[in-house]
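The structure under discussion appears below in the form of structure tokens.
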Protein chains: 2
Amino acid sequence: MKAKKLADFELLMLEKSESLKTNQWVYRLLRTNLLCGKIEPGLPLTIRGLAEALDVSPMPVREALHRLACEGAVEVKNNRRVIVPQMTVEKFNELCALRILLESHAAETASPYITEQHITKLQEIDARIDLAIEQEDSVNISLINQEFHRSLYSANPFQISVPLIESVWLQLGPFSQIAIAKLEKTYIVDRHIEAINALKQRNTFALRRAIEADIRDGIASIRSVEGIPGYFEGNTQTQPGG
Amino acid sequence: MKAKKLADFELLMLEKSESLKTNQWVYRLLRTNLLCGKIEPGLPLTIRGLAEALDVSPMPVREALHRLACEGAVEVKNNRRVIVPQMTVEKFNELCALRILLESHAAETASPYITEQHITKLQEIDARIDLAIEQEDSVNISLINQEFHRSLYSANPFQISVPLIESVWLQLGPFSQIAIAKLEKTYIVDRHIEAINALKQRNTFALRRAIEADIRDGIASIRSVEGIPGYFEGNTQTQPGG
DNA sequence: GCGAAAATTATGTGATCACAAAAAATGTTA
DNA sequence: TAACATTTTTTGTGATCACATAATTTTCGC
């Protein structure tokens, strides 16, 4: 058994547009790859290694990594090594609780600001989720699902909680992605219709319940995946590739 | 009326210990000064300006500022200018709601892990708050009060929400500090006793209520301060020093 | 062969420079 | 005097280098 190196990983690439600063490009690229589970927990990330892999200078990587550390997406150890954190049962439960807490609040406070345009946009996003489910494209299921939630909460122009929620997603993401990838297509249920219906009826309470149900449903799906306990920290023997 | 510059401000200094990295020292220093309201909202912060003021190279300031931006303590404008954000009524209300939401949850989940040692420590911290109130030391009232809450929540070894809560504090801090400084000593009530009693009785529900009451009380005090509406964005005419 | 010590390499942090873009200051004209 | 154009200064970003420390490899003694 050999320890995996950064070079062994095939990163999902993003095209770098002109106006985008290099550090932001690196940040988004790493962020997306972490959320997709492309970079597995425990893997040490080095500034120079990433800089070489992405063909940029170390400086923008340095800033991107610091930001990710600040958001809890990566963990800085005492020996200043940066790794993708392992998931534990307790952490998972706490992160799920925080998702429900923050997101049902965000949905509730966004509700009064929802316009017809918002609903149309959310329906369009939801259609794209269905497509991703149909194609069993687990990476896009996650990414577009987040887009749905973010769009909903951001309808509130005074929204503060989105960055906090995104931090929770980032900590939950790499792990849940592994689970989603293992889910059968038929087990993924689209609960967003209920949320959209609540929005149409301008029923704040129903919206809150729909979002809560959506999150709980996703968590239950993850928990139902065969062999998921093996992915928690300390159960390395059941992890694949070990 | 002349726009204030960074050089006009007298920063609260922290001694730099040997093991502390420069960037962390700068970070903590800026963080403390922001929380104390030493740096007033709207003031543009520049890397070189701060580096000169603190007699360090621009690099550690750069990292510290980026981290503060990531935590919402400072705001990066479109023209990449970094300023201390202005407070608005809506933001204030939302931040207060998030405090209650997150902190009552954090208190509840920490409750089962509380030991006698924790209680003793919290009582010791609370005594220091009373001293700060007695001395009308508004900066220390804030800082030690935060220490109390952080200590309580951190009793849970699997606590995830503390960084999120600290982010809310940072966004609320500069503003509420202005209010606390204006409060008469007699109007500051120490509600922590109720929390400590709840802990002694191992009554999770009472603890939750005590923390909620403590936060609501603080907010009410801030709202009660004469002339506070003038500090919200858009009411510059009533702000002092203008 | 094997463990400890020493040398070597890798890595994060901080400093300095170059550059493009944004702000501010200055000059110009009506 | 006010409004616009031009120049100058300021500022953030990225690149490169130096340095201390942590990790790794090699060497040496038994």
*Can you check how the C-alpha radius of gyration of the range A:89-230 compares to 2.2 N^0.38 Å, as a plain ratio?*
1.00
*Would you kindly find the accessible area of residue A:113, with a 1.4 Å probe and non-protein molecules such as ligands, DNA and RNA excluded, rounding to the nearest 10 Å²?*
90
_Show me the three semi-axes of the equivalent ellipsoid for the protein assembly as shown, from the C-alpha gyration tensor (sqrt of 5 times each eigenvalue), largest first, rounded to whole Å._
37, 28, 25
*In whole Hz, what ³J(HN,Hα) sequence does the range B:194-205 give by Karplus (6.51, -1.76, 1.60; θ = phi - 60°), x for Gly and Pro?*
4, 5, 5, 4, 4, 5, 4, 7, 6, 9, 4, 5
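Counting GluC sites (Glu not before Pro) as exposed when in a DSSP loop with at most 14 other beta carbons within 10 Å, what is the longest stretch of chain B free of them?
B:19-135
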_Whole-number percent relative contact order across chain A, with pairs defined as alpha carbons under 8 Å at least 6 apart_ = 22
*Working from the pairwise distances between different alpha carbons, so that the mean of 1/r is found and then inverted, what is the range B:1-159's Kirkwood radius in Å?*
17.9
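Once you've got the Cα coordinates, tell me which of A:16/A:185; A:77/B:16; A:77/B:21; A:38/A:77; B:21/B:91 are over 26 Å apart. Please list the in-between numbers first.
On the way: A:16/A:185 32 Å; A:77/B:16 22 Å; A:77/B:21 15 Å; A:38/A:77 21 Å; B:21/B:91 34 Å.
Too far apart for the 26 Å limit: A:16/A:185; B:21/B:91.
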*In percent, how large is the relative contact order of the range B:38-119, given Cα pairs closer than 8 Å and 6 or more residues apart?*
29
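Compute the accessible area per residue over the protein assembly as shown, keeping the other protein chains in place, probe 1.4 Å, unit Å².
I get 51 Å² per residue for this part.
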*Of B:225, A:56, which has the most accessible area with a 1.4 Å probe, and how do the rest follow in descending order?*
A:56, B:225
*³J(HN,Hα), Karplus 6.51/-1.76/1.60, whole Hz, each residue of the range A:21-35, x for Gly, Pro*: 5, 4, 5, 6, 4, 4, 4, 5, 5, 5, 4, 4, 5, 5, 4
*Please report, to two decimal places, log10 I(q)/I(0) for the range B:6-83 at q = 0.12, 0.16, 0.27 Å⁻¹ as given by the Debye formula with identical point scatterers on the Cα atoms and no solvent.*
-0.29, -0.52, -1.63
*Say a label goes 7 Å from Cα toward Cβ at residue B:190 in every copy; what distances in nm does this one have to the rest, shortest first?*
5.9
*Between A and B, accessible area buried - total, square angstrom, nearest 100, 1.4 angstrom probe*: 2200
_Given the whole protein assembly as supplied and a 1.4 Å probe, what does the accessible area of residue B:66 come to in Å², nearest 10?_
90
*asked:* Counting only other chains, and only Cβ atoms inside 10 Å, what mean value do you get across the residues of A:157-167?
replied: 5
*Sequence of B:82, A:89 when ordered by accessible area, the most exposed leading, probe 1.4 angstrom*: A:89, B:82
*Sort B:217, A:130, B:55 from largest to smallest accessible area, using a 1.4 Å probe on the heavy atoms of the protein chains.*
B:55, A:130, B:217
*asked:* Please list, ordered by chain and number, the residues whose modelled amide H lies under 5 Å from the amide H of residue A:45; skip anything fewer than 5 residues away on the same chain.
replied: A:82, A:83, A:84
_Using a 7 Å Cα-to-Cβ projection, residue B:13 label spacings across copies, nm, ascending_ = 5.2
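The values are calculated or read from the model by the stated rules, or taken from the named source; none is laboratory data. Worth saying up front: this structure is predicted, and the values here are computed from it rather than measured. Because the Cβ atoms are built from the backbone with ideal geometry, glycine has one as well, and the counts that use them run over all protein chains shown. For the accessible areas, the whole protein counts, side chains as well, though only heavy atoms, and no ligand, DNA or RNA atoms are used. Shrake-Rupley method; radii C 1.70, N 1.55, O 1.52, S 1.80 Å.
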